[in-house]
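To start, the structure itself, in structure tokens.
The values are calculated or read from the model by the stated rules, or taken from the named source; none is laboratory data. Note that the coordinates shown come from a computational prediction; the quantities given were computed from them, not determined experimentally. Cβ atoms come from the backbone with ideal geometry, glycine included; neighbour counts cover every protein chain shown.
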Amino acid sequence: MNQTYQKNNPETIQKMFGSIAKQYDRTNAVLSFNLHRYWNQSLIKAVQSDRPMKQYLDLCAGTGEIAFTFLSQRQTPVEAFLLDFSEEMLSCAQAKEKENPFKQHRIQYIQADAQEIPLPSNSIDCVTIAYGIRNVKNPKACVEEVLRVLRPGGSFAILELTQPDNPIMKLGHKIYLKTILPVVGKVIATNKEAYRYLCNSIQAFTPPAQLESTLKEVGFEKTAQKPLTGGIATIISGSKPEEL
């Protein structure tokens with residue numbers, strides 16, 4: 001029986017990610033031709049700064065791929081919060097940590113909505129979110145929450161799958177999403193409808209320029225866009241203004 005997944009019905013999205021949690025990393029590697037590793041590293045670079053970084057938050061943390069890569073590159077102790085609304089995804093992340101524990105870092109797992117972050121205001125030094133904001137019912141509410149929890153001067157970066165601007169790249173990307181990705185998804189994934197939803201969500205999501213405008217509207221400064229691999233993925237970043 002086919003399942004309909006809609007971001008306006010968060011329970012269906014939560015169920016979807018729970019159903020694909022155990023195969024999520026392997027499937028992403030295959031579907032992105034391992035390009036996601038380069039994109040993930042680029043996201044982490046986008047939030048690096050000379051400022052002390054003691055508290056870090058990864059939203060829509062999934063299996064912990066972004067957060068654990070971030071922590072593996074930090075020499076000084078960090079308190080990391082991995083937030084996701086899927087219990088199954090967080091369970092996969094916890095299993096990963098048990099296999100390769102980060103002794104110098106403290107990791108906390110939070111099952112919650114990215115639109116209502118259960119952390120104090122002005123408590124986090126940097127925030128990342130990868131491949132997740134397009135699944136959030138109200139992206140602006142998520143961005144507002146990030147601004148709230150960030151310390152003044154703190155950095156925020158979004159990594160999202162996007163559509164290229166170049167006409168030739170755009171056509172090739174559309175063909176990939178419409179034909180190749182669904183076929184590969186059927187072969188390696190148990191939940192075909194989930195990957196059909198993910199394909200459609202990429203095409204329907206807010207353009208990077210509009211997302212950057214949202215960051216500015218909410219109050220972020222030093223905003224920027226960085227297209228990756230011809231615009232197949234894009235990083236949108238900004239920082240919270242310093243206190244006056």
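Computed values, structure above
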| quantity | calculated |
| --- | --- |
| Given (1) touching a helix residue (DSSP H, G or I) at 6+ places or on another chain (Cβ under 9 Å); (2) closer than 22 Å to Ala209 by Cα, number of the condition Pro120 does not satisfy | (2) |
| Extreme residue, farthest from Leu71 (Cα to Cα), among residues of region 107-137 that are of a type outside the set (A, V, I, L, M, F, W, C) and modelled with pLDDT under 95 | Lys137 |
| From Asn135, Asn122, residue being within 17 Å of the chain's Cα centre (by Cα) and either polar (S, T, N, Q) or at positive phi (or both) | Asn135 |
| Single condition Arg134 does not satisfy, out of (1) surrounded by 16 or more Cβ atoms within 10 Å (Cβ to Cβ); (2) without any contact (Cβ under 8 Å) to a residue 40 or more places away in the chain | (2) |
| Test: residue in region 159-168 that is within 30 Å of Ser121 (Cβ to Cβ) and modelled with pLDDT of 90 or more | yes |
| Sole exception among (1) without any contact (Cβ under 8 Å) to a residue 60 or more places away in the chain; (2) of a type outside the set (Asp, Glu); (3) touching a Leu at 6+ places or on another chain (Cβ under 9 Å); (4) surrounded by 19 or more Cβ atoms within 10 Å (Cβ to Cβ) for Phe156, by number | (1) |
| Scope region 48-59; condition of a type in the set (A, V, I, L, M) and not in a loop (DSSP other than H, G, I, E, B); matching residues | Leu57, Leu59 |
| Residues satisfying the stated conditions in region 50-63, i.e. touching a residue at least 24 places away in the same chain (Cβ under 8 Å) and over 11 Å from Ile129 (Cα atoms) | Arg51, Pro52, Met53, Lys54, Gln55, Tyr56, Thr63 |
| Restricting region 22-61 to residues that are modelled with pLDDT of 95 or more and small (Gly, Ala, Ser), the residue that is nearest to Ser237 (Cα to Cα) | Ala46 |
| Residue within region 71-86 that is closer than 16 Å to Ile13 by Cα, in contact with a helix residue (DSSP H, G or I) (Cβ under 7 Å, 6 or more places away or on another chain) and acidic (Asp, Glu) present | yes |
| Number of the condition not met by Gly62 [criteria: (1) assigned to a loop (DSSP other than H, G, I, E, B); (2) more than 17 Å from the chain's Cα centre (by Cα); (3) under 21 Å from Ala29 (Cα atoms)] | (2) |
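Matching residues to (1) surrounded by 16 or more Cβ atoms within 10 Å (Cβ to Cβ); (2) not in a strand (DSSP E or B):
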{"site": "Phe68", "(1), (2)": "yes, yes"}
{"site": "Phe81", "(1), (2)": "yes, no"}
{"site": "Gln94", "(1), (2)": "no, yes"}
{"site": "Lys98", "(1), (2)": "no, yes"}
{"site": "Lys103", "(1), (2)": "no, yes"}
{"site": "Ile110", "(1), (2)": "yes, no"}
{"site": "Asp113", "(1), (2)": "yes, yes"}
{"site": "Pro120", "(1), (2)": "no, yes"}
{"site": "Ile129", "(1), (2)": "yes, no"}
